[in-house]
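Novice: Quick one: this structure, given as C-alpha cells, is what I'll be asking you about.
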Amino acid sequence: MNKKYRIISWVSVAVAVALLVLVNVFMSVLTDKTQIKIDLTSNKRYELTDASYEYLDTYTADTVIYILASETEQDTNARAILDRYAAANSHIKIENVDITENPSFGRSYVSDGETLTSNSVIVVSGDRSRVIENSEFYAVENDSIAGLNVESKITSALKYVSSDEVINAYFTTGHGEIDFAGAKEALEAENYVVADVATLTENIPADASLLVIPRPMNDMTTAEIAKIDAFVRAGGAVQVYLSGECSGLANLYSYLSSVGITVNDNEIVESSSNAVSGGTGSYLFLLDYTRNDVTSDVISKGAVSGYLPFAKSLNVLYESSGAITVSEYLSSSENSYTTTNFEQPTRDTADYNGSSSVALMSENSETGGKVYVSGTTMLLSHSVADVNGTGLANIEYFTALTNNMTGAGEAFVVPIKTVGAETLTMSAATQRVLFVVIVILVPAAVLGTGIAVFFKRRNM
C-alpha cells in the first residue's frame, strides 16, 4: 500500500469520525434547546391533537407553565407533552421549580390552607393562574394508570388564564336530584364556575348563565317554577334531564309545556340489536342525532352517543308559536317503542313503535332564553374518563350543547389517551426471515466485504 493511499485513507477516516461527532453534538444541543422528541407510540399519546394546534395558532397571551420538580425528578410523560406546547407557540414557556429548594414558591397561586405537591403544574398568564395536580393528568382504573389526560387539562388551563370571561353554571338541589359529577367535571374543564343552588330556599344567582336540573325525583313548587321562568325570560339557559323513573312532576311538566315541550309518562324501550355494550339485564343504546349547529361536528367525526334504559319520550307541542321555536336534537332508533307497562315492557304492550324524541330544545328569539329537555341523563353522572372510555361522544355532545346555549364558543374535548405496553407482534415467518437477515446474511456480508478489501489492499 503506497504512502499516498494511506494518507488519504487516514484523512477520510478522521473526517468521517469528526463529522459523526459534530452531528452528534449538534443533535444533542438541538434536543436540549428545542426538546425535540419523536412520538413512536401507537396512539401518539404524547402528540397534541389538531384542535390544540389550531388553538395554539391564535394564542397570544404570554404564559409560563411551571413544573414543580427539578428536571431530574419531573414527570417525563407530562413534560413530553408540555414541550409540544412551547414548541408550537413562542408565547408559552416551560420552567422547572424545585420546591424542595424553593418551598415558598407558588403560595400565591393557592388558597390559604392548601399545599402544592411535587410535579404539580401551575399555568400563569398575567393575573390569572390555574394549578393542576399531577394526579389530574392520569386516568386510573383498578389502581393502575390507564390513560393520559395532560392535553385536555393544559389546553383548558390556557383558555382560562388567557380569558377574562367567567361563565357560571348552577345545578339544582333539594328534589332528589342525581349527582351529575361528569357534567360538572366537563364544565370545569371548559372553564365554567360550577356551584349548586337550592331553588326552594334560594334565588337563582344573578350571575348565572346556565341552570341544570339533573333528574329531579320530586316536583318543584310554583314559586320555584316562577324563578326558573323569570331566569329564562331574562335570557338564561336551562337544561332539564329526566329518566323513566321520574314521575309526578306536574309543576315542572306544566312549565315545559308552556315552552312547547310535552313530557310523556312512558318509557322508551330499545331492541337489543341496537345495543353497543351490555351486561346481565342491562344495555347501552345508541342515540340518533338531528343535524344542527351543535351536533354537526360530532356527526362529521362519526361519533355516537349512548344512553341507559329507560328514557322518557318527548313530544313537540308546537314547532313554532310567536317567538318560541322547538326543535329535536336527539331521538331513539327506529327499532324502539314506548310503553307504560313499566314492570314488564314488551312490544305487545307498546303504545307506539318507531323513533321517539329523546331531547328537544325550546328557544325564544325575543329574549334569547333557551330550555333544553332530555328524557335521559346521558350518562352524565359518570366521570368523564369513564364515559370517554366507552368511546361514546356524550361528553363532547354535552359540552358543545352547553357552550352553544351559553354563547361560550366551540367546545374543546380531548379523549384520554390510553397507556399500555407497546408490543411488536410478528408472525413466525417474519421472525425466521429477520433471524436469517440479521444473524447470518448481514454478518456474512460484512465478513465478505472485509476479506475482499483485505486482498485488494494486499495487492496494491
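Novice: Count the net charge of all other residues whose Cβ sits under 14 Å from the Cβ of I225, scoring Lys and Arg as +1 and Asp and Glu as -1.
Specialist: Its environment carries a net charge of -1.
Novice: For the stretch 164-269, what does the accessible surface come to per residue with a 1.4 Å probe? Please give it in Å².
Specialist: Counting only protein heavy atoms, the per-residue value for the stretch 164-269 is 38 Å².
Novice: With each label point set 7 Å from Cα along the Cα-Cβ vector, what nm distance links Y318 and D348?
Specialist: Computed distance between label sites Y318 and D348 equals 4.2 nm.
Novice: Taking the Cα-to-Cβ direction at L308 and at E334 and moving 7 Å from each Cα, how far apart do the two end points lie in nm?
Specialist: 3.0
Novice: A follow-up question, please. Which value in nm describes the separation of the simple spin-label points at N203 and T390, placed 7 Å from the Cα toward the beta carbon?
Specialist: Modelled inter-label distance: 4.0 nm.
Novice: Apply the Karplus parameterisation 6.51 cos²θ - 1.76 cosθ + 1.60, with θ equal to phi minus 60°, to every residue of the stretch 333-342 and state each ³J(HN,Hα) to the nearest whole Hz, in sequence, with x for glycine and proline.
Specialist: Per-residue couplings from phi come out as 7, 5, 7, 8, 8, 10, 8, 10, 8, 6 Hz.
Novice: OK, next. If contacts are Cα pairs under 8 angstrom and at least 6 residues apart, what is the relative contact order of the stretch 191-324 in percent?
Specialist: Computed over the stretch 191-324, the figure is 23 percent.
Novice: Under 14 Å from a point 7 Å along the Cα-to-Cβ line of S70: which residues of the stretch 102-146 have their amide N that close?
Specialist: 102-103, 119
Novice: Enter the per residue convex hull volume of the stretch 39-187, computed from alpha-carbon coordinates, in Å³ rounded to the nearest integer.
Specialist: Once divided by residue count, the hull of the stretch 39-187 is 166 Å³.
Novice: Provide R130, R107, R45 ordered by accessible surface of protein heavy atoms (probe 1.4 Å), highest first.
Specialist: Largest accessible area first, the residues go R107, R130, R45.
Novice: Below 14 angstrom from the Cβ of C246, what's the summed charge of the other residues (Lys, Arg +1; Asp, Glu -1)?
Specialist: Once positives and negatives cancel, what remains is -3.
Novice: For an R0 of 35 angstrom, estimate the FRET efficiency from the Cβ-Cβ distance between T367 and R128 and round to the nearest 0.05.
Specialist: 0.65
Novice: Mind checking the full-extension length gain between R233 and E188? Use 0.36 nm per residue of separation minus the Cα-Cα distance, one decimal, nm.
Specialist: Value of the extension gain: 13.6 nm.
Novice: Percent of accessible area on the stretch 248-395 owned by carbon and sulfur, 1.4 Å probe?
Specialist: Heavy-atom surface of the stretch 248-395 belonging to carbon and sulfur, 1.4 Å probe: 45 percent.
Novice: Could you estimate the translational diffusion coefficient of the stretch 228-372 from the Stokes-Einstein equation, with Rh from the Kirkwood formula over C-alpha pairs, at 20 °C and 1.002 mPa s, in whole µm²/s?
Specialist: 132
Novice: Please go through the residue pairs K159/K312; K159/K301; K93/K184; K159/K184; K301/K370 and name each one whose alpha carbons sit more than 28 Å apart in this structure.
Specialist: Cα-Cα > 28 Å for K159/K312; K93/K184; rest within.
Novice: Could you rank the peptides 368-376, 120-128 by their average count of other C-beta atoms within 10 Å per residue, with the highest value first?
Specialist: Top to bottom by mean Cβ count within 10 Å: 368-376, 120-128.
Novice: Answer rounded, prolate or oblate for the stretch 144-244, using the Cα gyration tensor with square roots of eigenvalues a ≥ b ≥ c: rounded when a/c is under 1.5, else prolate when a/b is larger than b/c, else oblate.
Specialist: Since a/c reaches 1.5 but b/c is at least a/b, the shape of the stretch 144-244 is classed as oblate.
Novice: Quick check: at a probe of 1.4 Å, how many percent of the accessible area of the stretch 77-209 sits on carbon and sulfur atoms?
Specialist: For the stretch 77-209, the apolar C and S fraction of the accessible surface comes to 43 percent.
Novice: A further question on this structure: With all protein chains present and a 1.4 Å probe, how do V384, V238 order by accessible area, largest first?
Specialist: Sorted descending by solvent-accessible area, the residues read V384, V238.
The values are calculated or read from the model by the stated rules, or taken from the named source; none is laboratory data. Everything quoted here is computed from the prediction, not taken from an experiment. Methodologically, a virtual Cβ is constructed for each residue, glycine included, from the backbone with ideal geometry; neighbour enumeration extends over all protein chains shown. Surface accessibility is based on the protein's heavy atoms, side chains included, excluding ligands, DNA and RNA. Shrake-Rupley method; radii C 1.70, N 1.55, O 1.52, S 1.80 Å.
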